[in-house]
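The next block holds one structure in the form of structure tokens; read it before the comments.
Coordinate-derived values only; no laboratory data. Just so we're clear, the structure is a prediction, and the values are computed from it rather than from any experiment. Heads up, the Cβs are rebuilt from the backbone with ideal geometry, glycines too, and the neighbour counts pull from every protein chain shown.
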Amino acid sequence: MMVDHITRQQFVQGLSRLGIEVAHDDLEVLLKKYDDDGEGSVNYVAFSRDVDASEIFSDRTRISSQDKFSGGFRSPKVHAYILRAL
């Protein structure tokens, strides 16, 4: 398991639960694009950022060359304008 990654099956199931059915060839392109570690997993954070450019909630900074991160979420999970509207 790797931070910010999911299995191919989880990726397909997640899209399906959102009502997104992707053609096999298109799915293979997506899986190849977001398999940044070459192990067959999908970097869902990179995918989320490409889908929604305002997705900044999972920005982290590396503290070493290992898979350790510091800082956690850069911003609150709810945008300030949404909070003001409540």
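Quick notes on this structure:
- Relative intensity, log₁₀ I(q)/I(0), of the range 1-55 from a Debye sum that treats every alpha carbon as a point, q = 0.19, 0.20 Å⁻¹: -0.64, -0.71
- Each peptide in 17-25, 37-45 was scored by the mean count of other Cβ atoms within 10 Å over its residues; highest first, the order is 37-45, 17-25.
- Each of Asp25 and Val51 was given a label point 7 Å from its Cα along the Cα-to-Cβ line. The distance between the two points is 2.3 nm.
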